[in-house]
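What follows is a short report on a single structure.
The values are calculated or read from the model by the stated rules, or taken from the named source; none is laboratory data. The structure presented is a predicted model; accordingly, all values stated were derived computationally and were not measured. Neighbour counts are summed over all protein chains in view; Cβ atoms, including those assigned to glycine, are modelled from backbone coordinates with ideal geometry.
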């Protein structure tokens, strides 16, 4: 029975057109998300891209096994004084993460220090869909992954 499962291979490819998330009824991107129970764990196109970026921002740099360059430095920066150099480091890290995904590009970027951490506004361009959207990221000291509050 296992042979039948592995012998059946169907590869679908699609390229997105401007203004439409699907081409010929197919999604350009398909993925899995364990947090989205309403859609039976499946995500498509822009929703998948957003979740991939959020996953990247929710991992501290150096925590991913066999890929120490994956993740963000922002979680450790929220405890630092936000001078021009620190804001530049956070901005560079956000641009690195967004630009590491060929499906996205940074249009605008704003980093603000808050009392509890950092608030980042990223104007994202979804390249294949020619859509721009603002993503708001809040990095709060009380929600640092895998640590206790200071």
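Could you list, in sequence order, the residues of the range 79-108 that are outside any helix (DSSP H, G or I), surrounded by fewer than 16 Cβ atoms within 10 Å (Cβ to Cβ) and without any contact (Cβ under 8 Å) to a residue 40 or more places away in the chain? Before you say what the answer is, go through the steps one by one.
The initial filter retains those residues of the range 79-108 that are outside any helix (DSSP H, G or I), namely 79-83, 101-108.
From what's left, surrounded by fewer than 16 Cβ atoms within 10 Å (Cβ to Cβ): 79-81, 83, 101-102, 105, 107-108.
The answer is 80, 81, 83, 102, 105, 107, 108.
For residue 46, are the conditions met, namely being at pLDDT 85 or above and touching a strand residue (DSSP E or B) at 6+ places or on another chain (Cβ under 6 Å)?
Working: at pLDDT 85 or above: no; touching a strand residue (DSSP E or B) at 6+ places or on another chain (Cβ under 6 Å): yes.
Against the criterion (at pLDDT 85 or above and touching a strand residue (DSSP E or B) at 6+ places or on another chain (Cβ under 6 Å)), residue 46 does not qualify.
If only one of 97, 78 is touching a helix residue (DSSP H, G or I) at 6+ places or on another chain (Cβ under 6 Å) and farther than 17 Å from residue 53 by Cα, which one is it? Spell out how you get there, then give the answer.
Values: 97 fails: farther than 17 Å from residue 53 by Cα.
78 is the lone residue from the list that is touching a helix residue (DSSP H, G or I) at 6+ places or on another chain (Cβ under 6 Å) and farther than 17 Å from residue 53 by Cα.
Any idea how many residues of the range 45-78 are in a helix (DSSP H, G or I), without any contact (Cβ under 8 Å) to a residue 12 or more places away in the chain and farther than 19 Å from residue 143 by Cα?
The number of residues fulfilling the criteria is 1.
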